[in-house]
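What follows is a short report on a single structure.
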Amino acid sequence: MTLRPFLQQGRPDLPATVFAPWADPNQKPLIRFQNVTKRFGDFTAIDDLSLDIYEREFFALLGPSGCGKTTMMRMLAGFENPTSGRIELAGQDIVPVPPNKRAVNMMFQSYALFPHLTVWDNIAFGLRRDSMPKIDLQRRVEEMLKLTRLEKFARRKPHQISGGQRQRVALARSLAKAPKLLLLDEPLGALDKKLRQDTQFELMDIQEKTGTTFVIVTHDQEEAMTVASRVAVMDEGRLIQVATPADIYEAPNSVYVADFIGDVNILEGTVRATGPNRYHFTWADTGESVTAASERPFSDGQTAHLAIRPEKVQISAERPEGAENAIKGKVHDIAYLGNISTFHVRVAGERIIKAQSANTRRITNRAFTWEDDVWLSWTPTAGVVLSD
Amino acid sequence: MRRAILILVPYLWLLALFLVPFIIVGRISLSDTALARPPYLPQFSWDEGIWAFLSQLDFENFWFLTTDDLYWKAYLSSLQIAITATFFALLIGYPIAYGMARAPEEWRPTLMMLVILPFWTSFLIRVYSWIGILSQEGYLNQILLWAGIIDAPLIILNTNTAVYIGIVYTYLPFMILPIYSALDRLDGSLIEAAEDLGCSRLQAFWLITVPLSKNGIIAGCFLVFIPALGEFVIPSLLGGSETLMIGKILWEEFFNNRDWPVASAVAVVLLLILVVPIVLFQRNQQRQAEEDR
């Protein structure tokens, strides 16, 4: 394992290593999809897709159901073969290798625990197939039980333990063989929200401890953002964007990604350059103009979308002084979520723009209420200009 | 009170349909054969009283069963035929059930229908029609001769082979249905998980599919074994003189020899033998019900 320092930041005596093998051209990917296409009859599940995943990554495949993310995972496990293209694992083409011969293990969405075997035997199942010596096998199973805090339940059958414990058995079983790659198919889908959040951090801990490469399939964007080092947003068998959670959220490359991840206001309009990386965005609905910064070049008069996250929109009673972009509106709806409040503000008659503010103080009276006249403002860098 | 009535209903049912007939048969088995109508003594009469009646009953017929080796040989032979037939039914039924469970969803009702379809015809007619298939001039021999596989017709009818064919054919659905229901409930991802963890297809079958369909297999085996043990129509229609089955002996005692007391004794012993697998079957069903909960 050679993790080269990618970025040195802060104090030089503390080597702050940012894990980003995808940015290092010398790194060899662990998994390489090369122009992979998968068709089921007329239906194209995966459309000419290429993707590299690196060792020790926690990689999330994110998308709505039917986007092809599960097909990608099943091709890695060996349950499906690509119609065309090549899939490499550590430099070796794995397409002809059957699932039982791959150094890849999978944690199933249903957990697929063997109901007739105890927790212990479930975890030992894969090791027994390798005819591992008894002593080593015992040690390995105990190690896995300890890692997943299941020592007390070793002799129980799957139907005698809780959902959260079953999830950990499934994880222990798939990790027992120390696979090069662990696939997780909606691993937390069956857990309730609270347990899911705890388990997300547990998963990250275990991934760090074992140093295994994880590929997780999920439709829950929050989950993907929490656990993953990189997220691939998929739609209709194609990768829309592959980037770190922060980049996906702050710098989406398309309206689809911006809309899919988190809450967003999307305004339609035309752009006109006013300076280097600076554009004048004219809102099609109202003709109002705002200033937006963009690294991506646009030609004058090009139609574009401006995507602004609600938490980056300030709401105030008066027009803030020195604000470059400010729009007047009326409070249409308020969603109080405890930690934050989301205001739906009607601007220019019809359009709704969402603005969020953190409830940092305990208040009995809200600053704004329904039908109040308010001002919405944001900085030029708050929004992202998108071309499609 | 309501509870008592609720419990009473099944007990009355059992009493009327099981216990009363059993007591009648038991009482005949303790009597002596006689040239009378009905052909056994003693007959109960109010003049002599219950004690005089009971004192005339004895276990002579059961003793008789041990003196003639025909009977225990017939019991053993029945056991052997029933076990062998059950084994073959499992051997044929399991792959059929497996195929049904693996068939595309839209085909399954049709396949299920095909398994149940024979029940729409009388059991007796179906057994008779096997005579037409298995006899020396039967369809099977005609086809084999025509295909040039054999030169002379095979003698199948009136042998034990014909009995095996008859029993396996008749009771095959009872083997298929419980196994199918067990396999149908089997989660396909379990097999994938087993393969993912290093099993070959065959290993996954032995380590996952078979253990998880165990209850279905046990239920199917009992459902074939229990009726096959006391079977008399199939051995008397398809079997020959060598075929020794207790059901056939019972029939002959009853109708040919008109020895009702000995026939009843044979029936009582048969029932006692059957109690063992029936209890085991019930326990299996109960355990399965508990597992499903």
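The values are calculated or read from the model by the stated rules, or taken from the named source; none is laboratory data. Please read these numbers as outputs of a predicted model, since none were measured by experiment. So basically every Cβ, Gly included, is an ideal-geometry build from the backbone, and we count neighbours across all protein chains shown.
Kindly indicate which of B:L54, B:L111 is within 30 Å of B:L177 (Cβ to Cβ) and hydrophobic (A, V, I, L, M, F, W, C).
On the way: B:L54 fails: within 30 Å of B:L177 (Cβ to Cβ).
So the residue among B:L54, B:L111 that is within 30 Å of B:L177 (Cβ to Cβ) and hydrophobic (A, V, I, L, M, F, W, C) is B:L111.
Answer yes if at least one residue in region B:160-178 is under 30 Å from A:H116 (Cβ atoms) and in contact with a Cys (Cβ under 7 Å, 6 or more places away or on another chain), and no otherwise.
Going through region B:160-178, the residues under 30 Å from A:H116 (Cβ atoms) turn out to be B:168, B:171-178.
Those left that are additionally in contact with a Cys (Cβ under 7 Å, 6 or more places away or on another chain): none.
Taking every residue of region B:160-178 in turn, none turns out to be under 30 Å from A:H116 (Cβ atoms) and in contact with a Cys (Cβ under 7 Å, 6 or more places away or on another chain).
Quick test for you: out of B:L8, B:L12, B:L76, pick the one residue that is free of Cβ contacts under 8 Å to residues at least 12 places away in the same chain and within 30 Å of B:T170 (Cα to Cα). Outline the logic, then answer.
On the way: B:L8 fails: within 30 Å of B:T170 (Cα to Cα); B:L12 fails: within 30 Å of B:T170 (Cα to Cα).
Result: B:L76 is the single residue among B:L8, B:L12, B:L76 that is free of Cβ contacts under 8 Å to residues at least 12 places away in the same chain and within 30 Å of B:T170 (Cα to Cα).
Among the residues in region A:140-149, are any of a type in the set (A, V, I, L, M, F, W, C), over 29 Å from the mean Cα position of the chain (by Cα) and within 11 Å of another protein chain (Cβ to nearest Cβ)?
So the first thing to find is which residues in region A:140-149 are of a type in the set (A, V, I, L, M, F, W, C), and the list is A:141, A:144-145, A:147.
Imposing the further condition that a residue be over 29 Å from the mean Cα position of the chain (by Cα) reduces the set to A:141.
Now restrict to residues that are within 11 Å of another protein chain (Cβ to nearest Cβ): none.
No: zero hits.
Of the residues A:V345, A:V331, A:V385, which single one is over 30 Å from A:I240 (Cβ atoms) and β-branched (V, I, T)?
None of the other options fit; the residue is A:V331.
Specify the residue that is surrounded by the fewest Cβ atoms within 10 Å (Cβ to Cβ); the eligible residues are those in region B:108-140 that are of a type in the set (G, A, S) and outside any helix (DSSP H, G or I). Walk me through it before giving the result.
Going through region B:108-140, the residues of a type in the set (G, A, S) turn out to be B:122, B:129, B:132, B:135, B:138.
Among the residues that remain, those that are also outside any helix (DSSP H, G or I) are: B:122, B:135, B:138.
Details: B:S122: 9, B:S135: 17, B:G138: 18.
Among those that are of a type in the set (G, A, S) and outside any helix (DSSP H, G or I), it is B:S122.
Return yes or no: is A:A326 out of contact with any helix residue (DSSP H, G or I) (no Cβ under 8 Å at 6 or more places or on another chain) and more than 20 Å from A:D259 (Cα to Cα)?
Working: out of contact with any helix residue (DSSP H, G or I) (no Cβ under 8 Å at 6 or more places or on another chain): yes; more than 20 Å from A:D259 (Cα to Cα): yes.
Against the criterion (out of contact with any helix residue (DSSP H, G or I) (no Cβ under 8 Å at 6 or more places or on another chain) and more than 20 Å from A:D259 (Cα to Cα)), A:A326 qualifies.
Across region A:226-250, what is the number of residues that are of a type outside the set (V, I, T) and over 26 Å from A:N35 (Cα atoms)?
Just the residues of region A:226-250 that are of a type outside the set (V, I, T), to begin with: A:228-230, A:232, A:234-239, A:241, A:243, A:245-247, A:249-250.
If we keep only those that are over 26 Å from A:N35 (Cα atoms) too, we end up with A:246, A:249-250.
Adding up the residues that qualify gives 3.
Identify the residue in region B:152-188 that is within 14 Å of chain A (Cβ to nearest Cβ) and among the charged types (D, E, K, R) and, among all such residues, is nearest to B:V115 (Cα to Cα).
Residue satisfying both the conditions and the ranking: B:R185.
Name the single residue that is surrounded by the fewest Cβ atoms within 10 Å (Cβ to Cβ) among those in region A:105-130 being among the hydroxyl-bearing types (S, T, Y) and at the interface with chain B (Cβ under 10 Å from one of its Cβ atoms).
Taking region A:105-130 and keeping what is among the hydroxyl-bearing types (S, T, Y), we get A:110-111, A:118.
The next check asks that each one be at the interface with chain B (Cβ under 10 Å from one of its Cβ atoms); those that pass are A:110-111.
Numbers: A:S110: 16, A:Y111: 24.
The extreme case among them is A:S110.
Tell me, which strands (runs of 3 or more DSSP E) lie completely within region A:269-388 with 1 or more residues that are out of contact with any Phe, Trp or Tyr (no Cβ under 7 Å at 6 or more places or on another chain) and either in contact (Cβ under 8 Å) with a residue 40 or more places away in the chain or in the same structural domain as A:P252 (by TED's automatic domain parsing) (or both)?
Numbers: elements: A:278-283, A:289-293, A:302-308, A:314-316, A:325-336, A:340-347, A:351-358, A:373-378, A:383-386.
Answer list for region A:269-388: A:278-283, A:289-293, A:302-308, A:325-336, A:340-347, A:351-358, A:373-378, A:383-386.
Filter region A:150-192 for residues that are within 14 Å of another protein chain (Cβ to nearest Cβ) and surrounded by fewer than 18 Cβ atoms within 10 Å (Cβ to Cβ); which is nearest to B:G198 (Cα to Cα)?
A:A178
In this structure, is B:D68 under 30 Å from B:I165 (Cα atoms) and modelled with pLDDT under 90? So that I can check it myself, show each step before the final result.
Working: under 30 Å from B:I165 (Cα atoms): yes; modelled with pLDDT under 90: yes.
Taking the combined requirement at face value, the residue satisfies it.
For B:S236, indicate whether it is more than 14 Å from every other protein chain (Cβ to nearest Cβ), of a type in the set (S, T, Y) and surrounded by fewer than 23 Cβ atoms within 10 Å (Cβ to Cβ). Before you say what the answer is, go through the steps one by one.
Details: more than 14 Å from every other protein chain (Cβ to nearest Cβ): yes; of a type in the set (S, T, Y): yes; surrounded by fewer than 23 Cβ atoms within 10 Å (Cβ to Cβ): yes.
The answer is yes for B:S236.
For region A:89-104, indicate whether the set of residues that are in the same structural domain as A:P179 (by TED's automatic domain parsing), farther than 19 Å from B:C199 by Cβ and surrounded by 18 or more Cβ atoms within 10 Å (Cβ to Cβ) is non-empty. If you could, list the steps in order and put the result at the bottom.
Taking region A:89-104 first, the residues in the same structural domain as A:P179 (by TED's automatic domain parsing) are A:89-104.
Cutting the leftovers down to farther than 19 Å from B:C199 by Cβ gives us A:89-93, A:95.
Checking which are surrounded by 18 or more Cβ atoms within 10 Å (Cβ to Cβ) leaves us with A:89.
Looking for residues that are in the same structural domain as A:P179 (by TED's automatic domain parsing), farther than 19 Å from B:C199 by Cβ and surrounded by 18 or more Cβ atoms within 10 Å (Cβ to Cβ), one finds at least one in region A:89-104, hence yes.
Counting just the residues of region B:189-213 that are more than 7 Å from chain A (Cβ to nearest Cβ) and buried (at least 23 other Cβ atoms within 10 Å of the Cβ), which one comes out modelled with the highest pLDDT?
Looking at the filtered set, the residue picked out is B:A194.
Only one of (1) over 30 Å from A:E186 (Cα atoms); (2) surrounded by 13 or more Cβ atoms within 10 Å (Cβ to Cβ) fails for B:D151. Which number is that?
Every condition holds for B:D151 apart from (2).
Please give the strands (runs of 3 or more DSSP E) falling wholly within region A:161-254 in which 1 or more residues are under 30 Å from A:H305 (Cα atoms). Steps first, please.
Details: elements: A:181-185, A:213-218, A:230-235, A:238-243.
Output list reads A:213-218, A:230-235, A:238-243.
Here's the yes/no breakdown for (1) within 26 Å of B:P227 (Cβ to Cβ); (2) in contact with a Leu (Cβ under 7 Å, 6 or more places away or on another chain); (3) exposed (fewer than 11 other Cβ atoms within 10 Å of the Cβ):
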site	(1), (2), (3)
B:P10	yes, no, yes
B:A16	yes, no, yes
B:V25	yes, no, no
B:Y40	no, no, no
B:W72	yes, no, no
B:L76	yes, no, no
B:A97	yes, yes, no
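Before we move on, is B:W146 touching a residue at least 60 places away in the same chain (Cβ under 8 Å) and away from chain A (no Cβ under 14 Å)?
Values: touching a residue at least 60 places away in the same chain (Cβ under 8 Å): no; away from chain A (no Cβ under 14 Å): yes.
Taking the combined requirement at face value, the residue does not satisfy it.
In this structure, is B:E253 more than 26 Å from B:Y40 (Cβ to Cβ), part of a helix (DSSP H, G or I), among the acidic types (D, E) and free of Cβ contacts under 8 Å to residues at least 40 places away in the same chain?
no
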